[in-house]
C-alpha cells in the first residue's frame, strides 16, 4: 500500500542518489573527454549503467554489506590504533585512487601541450582502461550511496524496493543529463580543473571517512570525518564563482 511516508522516502532517496551521483558524472565526463563523441557517449552510458548495477547488487546483498563493516584487522599501539574492516579498506583504496587520478589528470591538463610535442610520448588512453577505472570508482561511490540509503530507510516497509526504484530512476535521470554535462565540462578547461579539484576533495573525504569508521587514533588524536554538507557547499560555491567568471569572460568577448 502506497502511503505518504513511502512517497516522501522515495523522492528523498531519488534526490539523494542524484546528488551523490554528481561525483560519478564528473569523473566519467573527464575520462570520456579523451575519446571521440560516439565513444564518449558509449563510455558514459556503460559507466552509469555499471553504477546502477553495482548499487542494485549491493542492495540485494545488504547482509554481506553489513558483514564488511566487521573488524578484520586490529592495531593497538601507543602511537596508532585502528579497527580495520573490508569497508574501510575499500574507502581507503578509493580515496587514494581518486587523489592519484585527479592529480595525474590535472598534471596532464596543465602539462599536456608539452608532452604532445614530445616524439616519445606515452600511448593513448585506451577505452578498456577508462572503463576499468570507472567500474573501480563506481564500487567506491556505490558503498557510500547505499550505506546512506539503508540508514535513511531503516524501519520503512518495502525499503528494499524503494531503494532499488530510487537507484533506477536517479541513474536514468543522470544518463539523460550526462551528455550535455560532459559537453559543457569538456568545452571549458577551467571547469575540468575545478571538477578534478572536487574529486581531490572527495578523495580526501573518503580517507577521513575510512579513518573515522575504523576509529583510527594517531598520536592520541582521533580522526573524524568531514561533514558532507561542508564539502558540497564548497563545491557549489566554487562552481557559482566559476559560472560568474564565465559570464564575465563571455561579456568581454562580445
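List the pairs whose first member sits in the stretch 176-189 and is farther than 15 Å from residue 245 by Cα, whose second member is modelled with pLDDT under 80 and outside any helix (DSSP H, G or I), and whose Cβ atoms are under 9 Å apart, counting only residues at least 6 apart or on separate chains?
The qualifying pairs are 182/33; 186/33.
Name the single residue that is surrounded by the fewest Cβ atoms within 10 Å (Cβ to Cβ) among those in the stretch 2-18 being at pLDDT below 75 and either outside any helix (DSSP H, G or I) or under 22 Å from the mean Cα position of the chain (by Cα) (or both).
My answer is 2.
Please work out which one of (1) at pLDDT below 85; (2) part of a helix (DSSP H, G or I) is the condition residue 69 fails and give its number.
All conditions are met except number (2).
Which of (1) surrounded by fewer than 14 Cβ atoms within 10 Å (Cβ to Cβ); (2) at pLDDT 85 or above; (3) not in a helix (DSSP H, G or I) does residue 104 not meet, given it meets every other one?
(3)
Has the stretch 236-246 got at least one residue that is within 17 Å of residue 23 (Cα to Cα) and not in a helix (DSSP H, G or I)?
Looking for residues that are within 17 Å of residue 23 (Cα to Cα) and not in a helix (DSSP H, G or I), one finds none in the stretch 236-246, hence no.
What number of residues in the stretch 33-57 are under 22 Å from residue 104 (Cα atoms) and at pLDDT below 80?
Counting residues in the stretch 33-57 that are under 22 Å from residue 104 (Cα atoms) and at pLDDT below 80 gives 2.
For residues in the stretch 19-48 being in contact (Cβ under 8 Å) with a residue 12 or more places away in the chain and in a loop (DSSP other than H, G, I, E, B), which is nearest to residue 190 (Cα to Cα)?
The selected residue is 33.
Please go through (1) at pLDDT 75 or above; (2) closer than 27 Å to residue 7 by Cβ; (3) buried (at least 19 other Cβ atoms within 10 Å of the Cβ) for residue 203 and return the number of the only condition it doesn't satisfy.
(2)
Please work out which residue is surrounded by the most Cβ atoms within 10 Å (Cβ to Cβ), limiting yourself to the stretch 219-234 and to residues that are at pLDDT 80 or above and either assigned to a helix (DSSP H, G or I) or touching a strand residue (DSSP E or B) at 6+ places or on another chain (Cβ under 6 Å) (or both).
234
What are the residues in the stretch 144-165 that are crowded, with 21+ Cβ neighbours inside 10 Å and within 27 Å of residue 93 (Cα to Cα), if any?
145, 146, 149, 163
The values are calculated or read from the model by the stated rules, or taken from the named source; none is laboratory data. Just so you know, these numbers come straight off a predicted model, no measurement behind them. Neighbour counts are summed over all protein chains in view; Cβ atoms, including those assigned to glycine, are modelled from backbone coordinates with ideal geometry.
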